[in-house]
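This report refers to the structure that appears directly beneath it.
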Amino acid sequence: MTRTAEELSRHLGTELEGDPRAPLCGVASHESATPEDLIYVDSPRFEESAQRSAARCVLAFAEANLRGKTVLRTAKPKLAFAKAAAWLLEPARIAEGIHSTAIVASTARFGVGVSIGPYAVIEEDVEIGAGTQIGAFCFLGRGAILGDGCRLFPHVTLYPAVRMGRGVILHAGAVIGGDGFGYVYGEGRHWKFPQVGKIEIGDDVEIGSNTAIDRGSLDNTVIAAGVKIDNLVQIAHNVRIGENSVLAGQTGISGSVSLGRGVVCGGQVGIADHVTVEDGAILGAQAGVFMGKTIRAGQTVMGHPARPAARFKEQQGWLARLPQLAERLKKLERAMMGGEVKE
Amino acid sequence: MTRTAEELSRHLGTELEGDPRAPLCGVASHESATPEDLIYVDSPRFEESAQRSAARCVLAFAEANLRGKTVLRTAKPKLAFAKAAAWLLEPARIAEGIHSTAIVASTARFGVGVSIGPYAVIEEDVEIGAGTQIGAFCFLGRGAILGDGCRLFPHVTLYPAVRMGRGVILHAGAVIGGDGFGYVYGEGRHWKFPQVGKIEIGDDVEIGSNTAIDRGSLDNTVIAAGVKIDNLVQIAHNVRIGENSVLAGQTGISGSVSLGRGVVCGGQVGIADHVTVEDGAILGAQAGVFMGKTIRAGQTVMGHPARPAARFKEQQGWLARLPQLAERLKKLERAMMGGEVKE
Amino acid sequence: MTRTAEELSRHLGTELEGDPRAPLCGVASHESATPEDLIYVDSPRFEESAQRSAARCVLAFAEANLRGKTVLRTAKPKLAFAKAAAWLLEPARIAEGIHSTAIVASTARFGVGVSIGPYAVIEEDVEIGAGTQIGAFCFLGRGAILGDGCRLFPHVTLYPAVRMGRGVILHAGAVIGGDGFGYVYGEGRHWKFPQVGKIEIGDDVEIGSNTAIDRGSLDNTVIAAGVKIDNLVQIAHNVRIGENSVLAGQTGISGSVSLGRGVVCGGQVGIADHVTVEDGAILGAQAGVFMGKTIRAGQTVMGHPARPAARFKEQQGWLARLPQLAERLKKLERAMMGGEVKE
């Protein structure tokens, strides 16, 4: 849909300079933009490339100096750009109507405007909220409850009894509600510990491609509203993740871990069983948190085992200076012992 | 199915106190239990919550003090609980009968009571043992042989010629028997090394969601009986894993690695090519074993590179004390050299 | 197809000794070979097992001493073996013809000899090159363009507008072109940063099972020709990977990373945002490259944070010798201070 700079400016609450009727139909990078694409610039470093861009409209920081452009000024151009994109661009549809090849149990109940792609399978007692789109080959196990406006890309698997709120996005190949990994060893074999808990996913959660999230063993796995989870992430049984936490790719969260609100995990972070990560903590990429530890609110940790970032960096520094330390030690030994030096 | 406390006690061989006719129809945590759910308590720490639970029946350690409950006493309550769950609860069915949309090659052969879900594809010469359940969208490549009582959740892919024993569980999105990752570089490109080996999976193996296990290149990949593999694990060509080994989530095993029996890998462990891990060794989460190394039987290793756990902890301790060591060195230098101190 | 030793020798340009008419119909390891399988030996270490093998034909290094065998001599037996396998063995077909259950949009265009497996879904405006094979349950989103001779195993998902060259192999469960993981936090929630870029995959790329590669956010993700990617790898938005680079299993590449040509990543490598890895660099397994760093051409790095391999090993050595260093320091202190020793 084409909008004008003025309409966008009103939507975002920005100041407008230049042509209020400049048309807008997309968003782009400085290099790839057409005249009708919106671009943004949030630092003087990128002013020149914004100036050179074919785009006529620019979301820009307060002091940006741009000639011949229609400029929408704001303190947070990147945030405004994301909001502009959500407003300008309808996300591509995943399905249209109920495809004739979809297999839908007679006891499934759909809200208004639900779409189901080809070859999807919807089992008994599934409830799907209004406007939710289900991609090809999705499998919704019995008793799943999905809120309004969810988007399931192709090949998503929901084990039975998954519950999710509104506006949840599940990317291709995600597996939600699988059996937790729990066994008790005895009599020469591993006995499967019961995995009879459930899983609840809050509003506006997004889950990446091929990510796997297990349901609880006896209690529930709970992913709160606004959590964003990248591709190939593993979340074990009984994990609880607080609102708006963000987990980057290939992170692994072990059983019964509790993450607070607004926690950030970099890529390939590993958290062992029964860890508590308090609100707003940041775990650097590849950090490893050992069993039962607590990461304090707001703390940034790095490394394996995870330790405060400042200490991690300090220790890395010491590690690098060990040869010099050893050299100084040798020198002292020589001085004291008259040449009788050990290796 | 509802059972009585007495029936369960007889099945488990436990001592029974209280009402032998107390009905049981499920298992639960202390908090979520209904009166007819079984709970367990294996430590005085949890006695109070067990006492408060709505559950009437408790599997408890010998000295547990519980009032007004029907108590089944045993030395290993958690093991007994797992066995009780297996006895009380029929696992949810993955498929019922042969769905009309399943595509089954005319040369496929099925045992008694095989179930195939919607849109599954079974290629030529596949053999499926009695009572095995195949979920929706599963793909069984030609020549696959599955034992009795296997359970394949939706979206499992078996490349051609996979062989597996009885009671194997494959979770959603698992890919078994893919091409190994092997190339020979020459003449400016990577030539694919032949991947013509097979893969054999023993009885009672369980494999997690979206895990990938490649078949052998010239010989076979072999996963022995009782092995348990979590989600998103990668197992390369020609790997051999001994009986009852356990691999936690996101572990990666490189080509031609040999794991003994009862090996335990924590989450995100990485094992490079041609490593040997002997029986009963334990690899801590995120441990990295370098190419060609051997981990001795029963040893616990941690870190990158993996080293004995005691040494890992000792080294971490030294790393933390480096600033003090350096301070002491500086002090000595000052004392010896009369103030002429280096940084 | 059966060939003769002479035909193979001519194809490879090797020297032939022994029976030129020896028949060849496969490749194998020394142990598993039948008389009509080809084996190779590239080191005196394996001469004896080659001699014992049932195989009649051996690709061997120049000085290999083998009695009673038909020997094809070459300086690079393993390379010749890979080439021989490619020549002798037709890869197993993934699909035959267009299966009647495939759903193909009317605007899709196919080259000669395209095959589509059961239950595949091909959306509008997809173009598929000659001889390309699409497995069961593959989903090709609208506007995908595939070159000639590609092979997509079952359960591959292509989001809309994926472009790939000739001879690309995508293994089961791979997800190509998903949304990048980008958000802007503001007003108490994460706003999705627009993910409107594309993805381009060059000729002869191979991508492993359950690997996920996101399309660009504003610009494109680009995987150049000849790149080989293993299972469960994560590649984020806007990544650029140069020709013939190789990424082992579970490696994760963050947003806007640039890899040169011929880069090698071991298993579980993690590369943070905006890193540059120059041509021919080698990243050891589990290495972690921090945000914004550059790895120089041809350099080998290891560890977390990634550092030159020699320095990594040296530092590991120092770490191991810290107890001795501390002991020497204590001895000096004792000597100087007359017994007044600190811990």
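When each of A:A272, A:A248 is tested for being touching an Asp or Glu at 6+ places or on another chain (Cβ under 9 Å) and at pLDDT 95 or above, the lone residue that passes is A:A248.
Only one entry in A:I207, A:I229 is buried (at least 22 other Cβ atoms within 10 Å of the Cβ), within 30 Å of C:A306 (Cβ to Cβ) and in contact with an Asp or Glu (Cβ under 8 Å, 6 or more places away or on another chain), namely A:I229. When A:A306 is tested against (1) away from chain C (no Cβ under 13 Å); (2) closer than 19 Å to C:M291 by Cβ; (3) surrounded by 23 or more Cβ atoms within 10 Å (Cβ to Cβ), just one condition goes unmet, and that condition is (1).
Flag not set for A:T276, criterion: more than 11 Å from chain B (Cβ to nearest Cβ), within 21 Å of B:N210 (Cα to Cα) and of a type in the set (S, T, Y).
Under the condition of being of a type outside the set (A, V, I, L, M, F, W, C), crowded, with 18+ Cβ neighbours inside 10 Å and closer than 12 Å to B:S29 by Cα, the residues counted in segment B:44-68 number 1.
Taking segment B:1-33 only, how many residues are under 12 Å from B:A84 (Cβ atoms) and of a type outside the set (K, R)? Summing the residues that are under 12 Å from B:A84 (Cβ atoms) and of a type outside the set (K, R) in segment B:1-33 gives 13. The set of residues in segment B:11-44 being within 12 Å of chain A (Cβ to nearest Cβ), farther than 13 Å from B:L72 by Cα and among the hydroxyl-bearing types (S, T, Y) consists of B:S29, B:S32. Only residues that are assigned to a loop (DSSP other than H, G, I, E, B), more than 17 Å from the chain's Cα centre (by Cα) and of a type outside the set (G, A, S): list them for segment A:157-170, please. Scanning segment A:157-170 gives A:Y159, A:P160. Count of segment A:239-273 residues, restricted to those that are within 17 Å of the chain's Cα centre (by Cα), within 11 Å of another protein chain (Cβ to nearest Cβ) and not in a strand (DSSP E or B), is 13. Per the listing C:V41, C:V71, the residue uniquely of a type outside the set (S, T, N, Q), over 16 Å from B:V196 (Cα atoms), crowded, with 21+ Cβ neighbours inside 10 Å and free of Cβ contacts under 8 Å to residues at least 40 places away in the same chain is C:V41.
For the residues C:A86, C:A82, C:A136, C:A64, the requirement of being farther than 18 Å from A:F137 by Cα and assigned to a loop (DSSP other than H, G, I, E, B) singles out C:A64. Within segment A:158-177, residues that are without any contact (Cβ under 8 Å) to a residue 24 or more places away in the chain reach partners that are assigned to a loop (DSSP other than H, G, I, E, B) with beta carbons closer than 8 Å, at six or more positions or on different chains, in the pairs A:L158/A:C138; A:L158/A:G141; A:L158/A:A144. State the number of residues belonging to segment B:139-155 that are crowded, with 24+ Cβ neighbours inside 10 Å, assigned to a loop (DSSP other than H, G, I, E, B) and facing chain C (nearest Cβ under 9 Å). Result for segment B:139-155: 2. For segment B:79-106, which residues satisfy the criterion of being crowded, with 18+ Cβ neighbours inside 10 Å and more than 30 Å from B:V121 (Cα to Cα)? If the condition is that a residue be crowded, with 18+ Cβ neighbours inside 10 Å and more than 30 Å from B:V121 (Cα to Cα), then B:L79, B:A80, B:F81, B:A82, B:K83, B:A84, B:A85, B:L88 are the ones that fit.
State all residues of segment B:40-55 that are closer than 24 Å to B:P23 by Cβ and among the basic types (K, R); if no residue qualifies, say none. Scanning segment B:40-55 gives a single hit, B:R52.
When you scan segment C:214-230, do you find a residue that is part of a strand (DSSP E or B) and over 16 Å from the mean Cα position of the chain (by Cα), even just one? Yes: segment C:214-230 contains one or more residues that are part of a strand (DSSP E or B) and over 16 Å from the mean Cα position of the chain (by Cα). Looking only at segment C:286-326, how many residues end up being aliphatic (A, V, I, L, M) and in a loop (DSSP other than H, G, I, E, B)? Qualifying residue count for the region: 4. Given the condition away from chain B (no Cβ under 14 Å) and closer than 20 Å to A:A136 by Cα, answer yes or no: does some residue in segment C:96-103 qualify? Scanning segment C:96-103, I find at least one residue that is away from chain B (no Cβ under 14 Å) and closer than 20 Å to A:A136 by Cα, so the answer is yes. A residue that is assigned to a loop (DSSP other than H, G, I, E, B), within 8 Å of another protein chain (Cβ to nearest Cβ) and at pLDDT 95 or above cannot be found anywhere in segment C:327-343. Which is crowded, with 24+ Cβ neighbours inside 10 Å and of a type in the set (V, I, T), of B:T251, B:T300? From the options B:T251, B:T300, the qualifying one is B:T251. Within segment B:167-210, the set of residues being under 19 Å from C:T211 (Cβ atoms), at the interface with chain C (Cβ under 8 Å from one of its Cβ atoms) and of a type outside the set (A, V, I, L, M, F, W, C) comprises B:G173, B:G178, B:D179, B:Y183, B:H190, B:K192, B:N210.
The values are calculated or read from the model by the stated rules, or taken from the named source; none is laboratory data. As the structure is a prediction and not an experimental result, all values here were calculated from the model. All Cβ positions, glycine included, derive from the backbone under ideal geometry; neighbour counts span all protein chains shown.
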